[in-house]
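Report on the following structure.
The values are calculated or read from the model by the stated rules, or taken from the named source; none is laboratory data. What you are looking at is a predicted structure, and each value in this text was computed from that prediction instead of being measured. Neighbour counts are summed over all protein chains in view; Cβ atoms, including those assigned to glycine, are modelled from backbone coordinates with ideal geometry.
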């Protein structure tokens, strides 16, 4: 775990910058991920109507640290500046730990002039600010040859993959409109089973066009006799990938399509020369999901919510309204899941 120590030094200034100014700093930073990408930030802002605030430290006319935020809309939870909503983990970017620490200190003493809480969702902590781990992430190192990675799979997983092949499961890439429609259908079915409203269709249309369509990801499908039974969306930047969305036909789960999908994603990441695959965040209480990710050899590590100023509330404390919505989703047709997602999803963070 990296701890960032804030130190105040002369010769620095702190201010909000626009995406155009941020772009060059982002492009050059070795630790930037797809969630730091200006296209991702702009997409979230547009779809969810959340203003962008990128706070930067400037030295001698150049950016030495930056934290992208979005201002949440504050219906089910208090309004806040979060880095970033609907993103698994967004560590502050800096040329060193000191620069990020100074940015945090600037926020902590009220320098931004915003009357709302400010918080980070990150795997890196800034010293001196309250933080709690509500999630874990799972990263898989892809530096070794694929057979060596597969050798570290859990024994039962390797057996599941053999049975999946015998059941006529096939992994393929499909970035066509029809492939995205298959993904979205399975995504809605999965979210409905979990009692969670799905993201608006317009959101995935933008992901398709502006992220995957610009070479920043791919769609993987698992088919059985021509029918899609599992689908996933992987986003990547430079050599890092994130397995952002995964879904499966609930009726096909005995065939282990999720296992087959994840294995296909790993093989495709290797083929593309990517060096790490992040399986995304899981809540601490999601023990089954955590075991699923770990059986591929992925290493688990904590992700924190750290508050720089104000109070953002407990992200695991689902409101009564959201629990009611969940019950409605589970017991209604798929169209209800979609309609409730369009109405409420943007307010969930």
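Identify the single condition in (1) modelled with pLDDT under 95; (2) within 30 Å of residue 28 (Cβ to Cβ) that residue 191 does not satisfy, given that it satisfies every other one. Going through the list (1) modelled with pLDDT under 95; (2) within 30 Å of residue 28 (Cβ to Cβ), residue 191 breaks only (2). Does residue 186 meet the test of being touching a residue at least 24 places away in the same chain (Cβ under 8 Å), under 24 Å from the mean Cα position of the chain (by Cα) and outside any helix (DSSP H, G or I)? Here the answer is no, as residue 186 does not meet what is asked. I need the full set of residues from region 158-173 which are in contact with a strand residue (DSSP E or B) (Cβ under 7 Å, 6 or more places away or on another chain) and surrounded by 18 or more Cβ atoms within 10 Å (Cβ to Cβ), in order please. Answer for region 158-173, where residues must be in contact with a strand residue (DSSP E or B) (Cβ under 7 Å, 6 or more places away or on another chain) and surrounded by 18 or more Cβ atoms within 10 Å (Cβ to Cβ): 169, 171. All of (1) surrounded by 15 or more Cβ atoms within 10 Å (Cβ to Cβ); (2) touching a residue at least 24 places away in the same chain (Cβ under 8 Å); (3) assigned to a helix (DSSP H, G or I); (4) touching a helix residue (DSSP H, G or I) at 6+ places or on another chain (Cβ under 8 Å) hold for residue 202 with one exception: (1). Residue 210 - would you say it is assigned by TED's automatic domain parsing to the domain that holds residue 221 and more than 17 Å from residue 244 (Cβ to Cβ)? Taking the combined requirement at face value, the residue does not satisfy it. Put simply, of 235, 284, 277 the only residue that is crowded, with 23+ Cβ neighbours inside 10 Å and within 28 Å of residue 133 (Cβ to Cβ) is 277.
Considering only residues that are under 30 Å from the mean Cα position of the chain (by Cα) and at pLDDT 75 or above, look in region 6-20 and name the one that is nearest to residue 39 (Cα to Cα). Across region 6-20, the extreme among qualifying residues is 19.
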